[in-house]
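The values are calculated or read from the model by the stated rules, or taken from the named source; none is laboratory data. Source: prediction; values computed, not measured. Please note: Cβ atoms are built from the backbone with ideal geometry, for glycine as well, and neighbour counts cover all protein chains shown. Surface areas here come from the heavy atoms of the whole protein model, side chains and all, with no ligands, DNA or RNA. Shrake-Rupley method; radii C 1.70, N 1.55, O 1.52, S 1.80 Å.
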Amino acid sequence: MIDQGKIREAVKLLLEGIDEDPGREGLKDTPDRVARMYGEILAGMEADAAVPLSRVFSVESSEMVLEKDITFYSICEHHLMPFYGKAHIAYVPDGKVVGLSKLARTVEIYAARLQIQEQMTGQIADALMKHLAPKGVMVVLEAEHMCMTMRGVKKPGSRTVSIAVRGAFEENSMLQERFFQMLRMG
Ligand code: ZN
């Protein structure tokens, strides 16, 4: 459970640590604002992807479904800085599909945690395999990491791309090729 009281204390200490005055006009409500903000941007820690992914519909078709350009915002667990970008999810149904908004909701649940991009990519793929049981899943995430662009190596605009493949996508490189073709369309 997120403890907002602890976050407020920590932010006050942080402000003192950087030689600021937590009591001055512009900062006096900052610990409270930051505590409420973390409650929102880390809300995925208390959410379960089984909920959105249980809303399924039966289908006859086993054609690949691709949902692309799902915008996400997450927090890098190494620096507590944002990384954000797009998720692209494809799966080959095995008798059932899920509403498209539920894929976006699944991304949101895993993004709203302290994360590592590669781990988040795998978690989304595994959640789909587990709850939707398709023939295969492929997830691609592309993101800009503030810990790389604002500090350290400072490479603005550079993006990190991560991929997770499961089931049919692992065995069939034509399916992977088709994913990238569909990604490039429109
Ligand atoms: Zn980082």
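I'd like to verify a number: residues in segment 24-81 that are assigned to a strand (DSSP E or B), out of contact with any Pro (no Cβ under 8 Å at 6 or more places or on another chain), of a type outside the set (A, V, I, L, M, F, W, C) and within 16 Å of the ligand (Cβ to nearest atom), how many?
First pass over segment 24-81, keeping only residues assigned to a strand (DSSP E or B): 56-58, 65-76.
Okay, now just the ones that are also out of contact with any Pro (no Cβ under 8 Å at 6 or more places or on another chain), so 56-58, 66-72.
Applying the additional criterion that residues be of a type outside the set (A, V, I, L, M, F, W, C) yields 58, 67-69, 71.
In the following step, the residues that additionally are within 16 Å of the ligand (Cβ to nearest atom) were identified as none.
Residues in segment 24-81 being assigned to a strand (DSSP E or B), out of contact with any Pro (no Cβ under 8 Å at 6 or more places or on another chain), of a type outside the set (A, V, I, L, M, F, W, C) and within 16 Å of the ligand (Cβ to nearest atom): 0 in total.
Can you pull out every residue in segment 163-172 that is open to solvent by less than 50 Å² (accessible area, probe 1.4 Å) and under 18 Å from Gly85 (Cα atoms)?
Our first condition is that a residue be open to solvent by less than 50 Å² (accessible area, probe 1.4 Å); within segment 163-172, this holds for 164-165, 167-169.
Scanning segment 163-172 gives a single hit, Ala164.
Would you confirm whether or not segment 173-181 contains a residue that is closer than 14 Å to Ala87 by Cα and out of contact with any Leu (no Cβ under 6 Å at 6 or more places or on another chain)?
The first filter runs over segment 173-181 and keeps only residues closer than 14 Å to Ala87 by Cα, leaving 179-180.
Filter again for out of contact with any Leu (no Cβ under 6 Å at 6 or more places or on another chain), leaving 179-180.
Looking for residues that are closer than 14 Å to Ala87 by Cα and out of contact with any Leu (no Cβ under 6 Å at 6 or more places or on another chain), one finds at least one in segment 173-181, hence yes.
So how many residues does segment 61-74 have that are more than 9 Å from the chain's Cα centre (by Cα) and crowded, with 19+ Cβ neighbours inside 10 Å?
Taking segment 61-74 first, the residues more than 9 Å from the chain's Cα centre (by Cα) are 61-70.
Going one step further and asking which of them are crowded, with 19+ Cβ neighbours inside 10 Å, we end up with 64, 70.
Total meeting the criteria: 2.
When both residues are 6+ apart or on different chains and their Cβ atoms are under 9 Å apart, which pairs have a first residue that lies in segment 130-153 and is over 19 Å from Leu53 (Cα atoms) and touching a residue at least 12 places away in the same chain (Cβ under 8 Å), and a second that is away from the ligand (no atom under 16 Å from the Cβ) and in a loop (DSSP other than H, G, I, E, B)?
Glu144/Gly157
To keep it simple, each residue is scored yes or no on (1) within 16 Å of the ligand (Cβ to nearest atom); (2) within 20 Å of Asp69 (Cβ to Cβ); (3) touching a strand residue (DSSP E or B) at 6+ places or on another chain (Cβ under 8 Å); (4) of a type outside the set (Gly, Ala, Ser).
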{"residue": "Lys130", "(1), (2), (3), (4)": "no, no, no, yes"}
{"residue": "Ala133", "(1), (2), (3), (4)": "no, no, yes, no"}
{"residue": "Leu141", "(1), (2), (3), (4)": "yes, yes, yes, yes"}
{"residue": "Glu144", "(1), (2), (3), (4)": "yes, yes, yes, yes"}
{"residue": "Arg151", "(1), (2), (3), (4)": "yes, no, no, yes"}
{"residue": "Lys154", "(1), (2), (3), (4)": "yes, no, no, yes"}
{"residue": "Ser158", "(1), (2), (3), (4)": "yes, yes, yes, no"}
{"residue": "Glu170", "(1), (2), (3), (4)": "no, no, yes, yes"}
